[in-house]
Amino acid sequence: MNNISIVSFDGLHNNGKTTHISLLSEYLKRNNVSVLVRRGDGMRKGEGKEINDPYSEWWKENIGRMRATGFEGHESMAAATEASNRLNGELYVAKNYFMPHLIKSEGTKSGVILLDRGPISRLFVKRREEPNADLNSIATFDNLSGRHEILLPDQIFLFHAPLDILISRNLDRESEKSKFNETVLTKYYDDFERVIANLPDELSKRTERIDSTLPIFEISQLVNKRVNDTPRAKAHGLLS
């Protein structure tokens, strides 16, 4: 269905992705657009406590497996690939099954799937294993029915801020998550900067970089405008 769009929010911890996913979701729903929020690349608990992490028994079990592998080495990369296959499969089902049914049940004309992290984060992880990995290295996924091409987001918002600001935001977080986030930020911030400075053309043309130090209201207005201004939105009357 051509009236279904995928919008992903990417960036490191503490950039405000979850906040702006929630704000965009509310904005779209107010304008008669059906919305699904789905988890993207990363370690997910599957507890259903956050908008970007729906309940899932598989993810509740998988978080333990991913944590056991750490962040480096073959086992860690294998676990990341398994998680990525699962995520891409979930997105495929969301676009081709759940969203068409939601649009029909809500009586809307269009739908948007919002992702917390997407192919940029996946490429970031892949390049820790293969420094020169390109889009082809993450362009397919495997599931029980075979190999499929991934669904690239129609639009990617890349949230980014200086390292010291991201770390300082940990002060407002619960201690366990704060320590985890600070470890990841301190260890991988420079690596992430190198990845986003050298994105494949197919990702780069879909990506808008957002300065996450701007006021929340200002960022929200910008995101709303950009989503409404895309060629797909205009062609299909996304917010009509």
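The values are calculated or read from the model by the stated rules, or taken from the named source; none is laboratory data. All values reported here derive from a predicted model rather than from experimental measurement. Here the Cβ positions follow ideal geometry from the backbone for every residue, glycine too, while neighbour counts run over all protein chains shown. Accessible surface is based on the protein model in full, side chains and every heavy atom, while ligands, DNA and RNA are left aside. Shrake-Rupley method; radii C 1.70, N 1.55, O 1.52, S 1.80 Å.
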Near-label residues of segment 137-157 by backbone N, under 20 Å of a point 7 Å along Cα→Cβ of Tyr97
141-152
Just to check I understand the Karplus step: with θ = phi - 60° and J = 6.51 cos²θ - 1.76 cosθ + 1.60, what whole-Hz values come out for segment 77-87, glycine and proline as x?
5, 5, 5, 5, 5, 4, 5, 5, 4, 5, 4
If you stretched the chain out fully between Glu57 and Asn132, how much longer would it get, using 0.36 nm times the residue separation minus the C-alpha to C-alpha distance?
23.5 nm
For Lys60, list the aspartates and glutamates whose Cα falls under 16 Å from its own Cα; do not include residues on the same chain fewer than 8 positions away.
Asp41, Glu47, Glu50, Glu82, Glu90
Given R₀ = 45 Å, what would the calculated FRET efficiency be for Ser22 paired with His74, taking r from the Cβ atoms and rounding to 0.05?
0.75
Efficiency by 1/(1 + (r/R0)^6): what FRET value for Glu202 and Lys179, r their Cβ-Cβ distance, R0 = 35 Å, to the nearest 0.05?
0.45
Other residues with Cβ under 15 Å from the Cβ of Pro162 give, with Lys and Arg +1 and Asp and Glu -1, a net charge of -3
Between segment 69-111 and segment 210-229, what is the C-alpha centre distance in whole Å?
25
Could you tell me whether segment 71-219 comes out rounded, prolate or oblate from its Cα gyration tensor? Rule is a ≥ b ≥ c as square roots of the eigenvalues, rounded for a/c under 1.5, then prolate if a/b exceeds b/c, otherwise oblate.
oblate
Whenever you get a sec, line up Tyr188, Tyr55 from highest to lowest accessible area (probe 1.4 Å, protein heavy atoms).
Tyr55, Tyr188
